[in-house]
1. Ordering PHE84, PHE135 by how much accessible area each has at a 1.4 Å probe, largest first, what is the list?
2. What ranking of LYS141, LYS108 comes out by heavy-atom accessible area, probe 1.4 Å, highest first?
3. Which value, in Å² rounded to 10, gives the accessible area of ASP190 with a 1.4 Å probe and all protein chains present?
4. Excluding ARG102 itself, calculate the net charge of residues whose Cβ lies under 11 Å from the Cβ of ARG102, where each Lys or Arg counts +1 and each Asp or Glu counts -1.
5. What does the charge count around ILE42 come to, taking other residues whose C-beta lies under 9 Å from its C-beta (Lys +1, Arg +1, Asp -1, Glu -1)?
6. How much accessible area per residue does the range 161-212 have, in Å², with a 1.4 Å probe?
7. Which cross-chain or sequence-distant (5 or more) residues have an amide H under 5 Å from the amide H of LEU48, H modelled 1.01 Å from N in plane?
8. What is the range 36-98 by shape, rounded, prolate or oblate, if you read a ≥ b ≥ c off the alpha carbon gyration tensor as root eigenvalues and call it rounded for a/c under 1.5, prolate for a/b larger than b/c, and oblate otherwise?
Amino acid sequence: ITDARRTRWPHQRLASTRRMPLLFSASTCETTSPSLPSRNAICYVGGLRPEAGLDMVIEAVALLKQSGRLVELHVIGESATPGFADRLKIMVQQRGLDDCVRFYGFLKTEAMIQIVRQCRCGICLTPGGEDNYSFYVIPGKIHEYLDCGIPVIVSKGSCAATELASAGVVVSTENTPQAIAEAILHSVSDVARALEYRQAALRYAREASSPN
């Protein structure tokens, strides 16, 4: 991932008394309309590396397709581990998911926001549990998802799962393809539930941006 995106996506430790600021201004984020995208789409924003669990997400999308449920996965970011992006693309081809998974590489902020807004949830997994440094923080990508009005699928027991559960903006899952597939379905398949998650994400974004 480029230095520019590293600057925009700091990993922030969450203190219970600290407000988490929005990464975008209210003029660029969808903080008023709870409208729901018509597509069953999910997204990942960030560096492509084994510690992010993208291989399991792709397996989950494959499981859903096998069961007749098509879900689009939009992957925004560059490989943070040499050759890892190519490995993921080969996996997509081998599982016949060319119609379900799209890789964009690094995008400018405006283009990234447009894609994220058209999804029903974002992905932020921390496989490896306590051996994964992101397990102990709330990564910047979560702020980006919420700013754009979408909830987040996170790993059970992670800092994000613990700190954000009461806000109703995260769906916690075990780090297995089957469990992730179930979390995806939970997030996108029911329109009323998906709209509730979207409203909660927008509400959290507004409250987090409050100066008081």
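1. Heavy-atom accessible area, descending, gives PHE135, PHE84.
2. Greatest to least solvent exposure: LYS108, LYS141.
3. ASP190 exposes around 60 Å² with every protein chain in place.
4. -2
5. 0
6. In whole numbers, the range 161-212 has 49 Å² accessible per residue.
7. For LEU48, the qualifying residues are GLU78, SER79, ALA80, THR81.
8. oblate
The values are calculated or read from the model by the stated rules, or taken from the named source; none is laboratory data. On a predicted model such as this, the values are computed, not experimentally measured, just so you know. As a convention, Cβ positions derive from the backbone with ideal geometry for all residues, glycine included, and neighbour counts pool all protein chains shown. These accessible areas exclude ligands, DNA and RNA; they are computed on the full protein's heavy atoms, side chains included. Shrake-Rupley method; radii C 1.70, N 1.55, O 1.52, S 1.80 Å.
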